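Scroll down for the structure; my scribbles are underneath it.
The values are calculated or read from the model by the stated rules, or taken from the named source; none is laboratory data. Keep in mind that what you see is a predicted model, and the values were worked out from it rather than measured. Neighbour counts run over all protein chains shown; Cβ positions are idealised from the backbone, glycine included.
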Amino acid sequence: MKRLAIPCLLLSTCLLLAANATQAKQGEGTGAEAFAQLEQLLPTPGDARTASGAPGPEYWQQRADYVIRVELDDAKQRLIGSETITYQNLSPHALTYLWVQLEQNRFRPDSDDMLTARAPNFEEFPYRALEQLLSRRDFEGGFDIQKVVDGDGEPLSHRIVKTMMRIDLPEPLASGESFVFQIDWENNIIDGIASRARGGYEYFEEDDNYIYEIAQWYPRVAAYTDYDGWVNKQFLGRGEFTLELGDYRLEITVPGDHIVTATGVLQNTDEVLTATQRERLEVAETAAKSWRISTTVMTNSTSRLTITPGIRSFSRG
Amino acid sequence: MATDELFYVVDFVNVGGLPMPLPLEITYSDGSVEKLTIPAEIWRYNNEKVSKLFVTDKEMVKIALDPHLALADADRTNNQFPREVVKSRFKLFKVKEEPNIMRQSETGEKDGGSKR
């Protein structure tokens with residue numbers, strides 16, 4: 001039987017190659033386009049960035065520090081958050097506005113992600129794909145932005161353009177200066193299993209409880225770069241982000257029977273962990289391998305909450 | 001899973017070659033009309049052909065592309081489903097113009113200068 005398997009494997013490889021060859025005939029990357037030089041695509045070298053792409057003598061990068069307070073509403077699968085952002089303009093330019101990313105808005109029915117979703121292939125249309133389609137259609141998603149104010153609590157003029165928000169500054173932010181502002185928001189958490197979204201909740205029917213995996217969950221300052229200016233393209237659901245460096249102070253409030261895992265340094269261990277868990281955490285700090293703080297085993301799933309050495313969780317009961 | 005919703009798949013073909021947004025006007029059986037514009041990003045995976053799924057509660061009777069002539073479209077005969085008769089440019093040229101009061105006041109002509 002083993003011998004038979006080899007020719008089969010070879011055959012399927014050939015078919016794959018043939019499929020690739022047909023694909024290569026059309027579209028991008030053929031003919032002259034395949035041999036186009038990269039120079040025209042790369043940013044023009046300057047003081048901030050050399051032609052190799054490495055930082056130049058005048059390299060700069062913006063900075064955004066966050067203080068975030070967020071509460072999980074387990075009954076409504078909703079997040080209620082408030083954040084204060086200190087934005088430092090380290091660029092040599094004065095800025096008259098800031099752009100903020102609102103990734104959750106991709107779940108709104110009028111988002112570019114929803115509008116430009118293509119029809120699935122109905123010839124091989126799994127049940128889950130239908131479930132995904134319908135769950136996104138019925139979901140009331142997106143950030144409900146409740147407040148955008150400056151450090152003194154004065155409202156800031158802002159404009160939400162689908163997954164991006166532009167905040168107009170009361171006066172230009174000169175190079176080297178900082179601007180403090182606050183955003184309050186709420187948003188519904190999507191069914192992560194049905195929608196196959198990056199973040200979301202999973203419901204366990206037997207226990208009637210939820211597990212939450214939260215991603216792209218707070219409004220965050222878009223990157224302002226020497227090579228692209230404001231990186232403010234619409235979020236289409238795929239792709240990664242360029243973000244500014246910064247410090248985060250995070251307060252997460254969850255129901256008492258929840259455990260939070262996150263990257264960072266836990267500040268209030270005594271308040272949120274049991275004596276046994278605290279002991280384990282202490283061991284974990286110097287352990288060579290991953291160490292289990294909580295041995296709670298989720299039914300219907302084999303996932304356990306673990307904490308990797310050097311990465312500790314934040315939570316507040 | 002049981003659902004009463006209706007599923008429509010509409011195929012769009014990029015005849016001219018330039019990816020453009022898809023301004024649409026959908027007419028339902030109850031007479032209601034929905035307008036929406038699909039951003040040009042829908043062509044990002046395939047700029048020649050794209051299919052869009054519409055999930056609706058109501059029966060769709062007509063769908064028209066570019067109802068307000070917003071696109072640079074030379075051939076407007078293939079913008080409706082089901083197909084509709086569209087006046088050709090030649091026919092439009094031959095159609096007798098309505099009297100033009102502005103022109104009449106300028107030229108003093110009574111027929112409004114429909115000579116063209």
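Of (1) assigned to a loop (DSSP other than H, G, I, E, B); (2) free of Cβ contacts under 8 Å to residues at least 40 places away in the same chain, A:LEU281 satisfies all except one. Which? Only one criterion in (1) assigned to a loop (DSSP other than H, G, I, E, B); (2) free of Cβ contacts under 8 Å to residues at least 40 places away in the same chain is unmet by A:LEU281, namely (1). If you take the residues in segment A:242-261 that are β-branched (Val, Ile, Thr) and closer than 17 Å to A:PRO219 by Cβ, which one is nearest to the chain's Cα centre (by Cα)? This residue is A:THR242.
Selection over segment A:87-108 of residues that are within 14 Å of chain B (Cβ to nearest Cβ) and touching a Leu at 6+ places or on another chain (Cβ under 8 Å) gives a count of 1. Is there a residue being among the hydroxyl-bearing types (Ser, Thr, Tyr), under 23 Å from the mean Cα position of the chain (by Cα) and buried (at least 20 other Cβ atoms within 10 Å of the Cβ) anywhere in segment A:84-95? Within segment A:84-95, one or more residues are among the hydroxyl-bearing types (Ser, Thr, Tyr), under 23 Å from the mean Cα position of the chain (by Cα) and buried (at least 20 other Cβ atoms within 10 Å of the Cβ). Can you list residue pairs whose Cβ atoms sit under 7 Å apart, with the first residue in segment A:88-107 being farther than 18 Å from A:LEU169 by Cβ and the second being assigned to a strand (DSSP E or B)? Count only pairs 6 or more apart in sequence or on different chains. Taking only residues 6 or more apart or on different chains, the pairs are A:LEU102/A:PHE143; A:LEU102/A:ILE160; A:LEU102/A:MET164; A:LEU102/A:MET165; A:GLN104/A:PHE143; A:GLN104/A:ASN187; A:ASN105/A:PHE143. Only residues that are surrounded by fewer than 16 Cβ atoms within 10 Å (Cβ to Cβ) and either under 24 Å from A:GLY192 (Cα atoms) or within 14 Å of chain B (Cβ to nearest Cβ) (or both) were counted in segment A:216-241, giving 5.
Would you tally the residues in segment A:242-278 being within 19 Å of A:ALA64 (Cβ to Cβ) and either modelled with pLDDT of 85 or more or not in a loop (DSSP other than H, G, I, E, B) (or both)?
From segment A:242-278, those within 19 Å of A:ALA64 (Cβ to Cβ) are A:242-251, A:262-264; that's our starting set.
Next, from what is left, pick out any that are either modelled with pLDDT of 85 or more or not in a loop (DSSP other than H, G, I, E, B) (or both): A:242-251.
Residues meeting the conditions: 10.
So, in segment A:152-210, of the ones that are surrounded by 16 or more Cβ atoms within 10 Å (Cβ to Cβ) and under 30 Å from A:GLU58 (Cα atoms), which residue ends up farthest from the chain's Cα centre (by Cα)? Here the residue is A:LEU173. With respect to the conditions (1) more than 19 Å from A:VAL67 (Cα to Cα); (2) at pLDDT 95 or above; (3) within 21 Å of the chain's Cα centre (by Cα), A:PHE139 falls short on a single one, namely (2).
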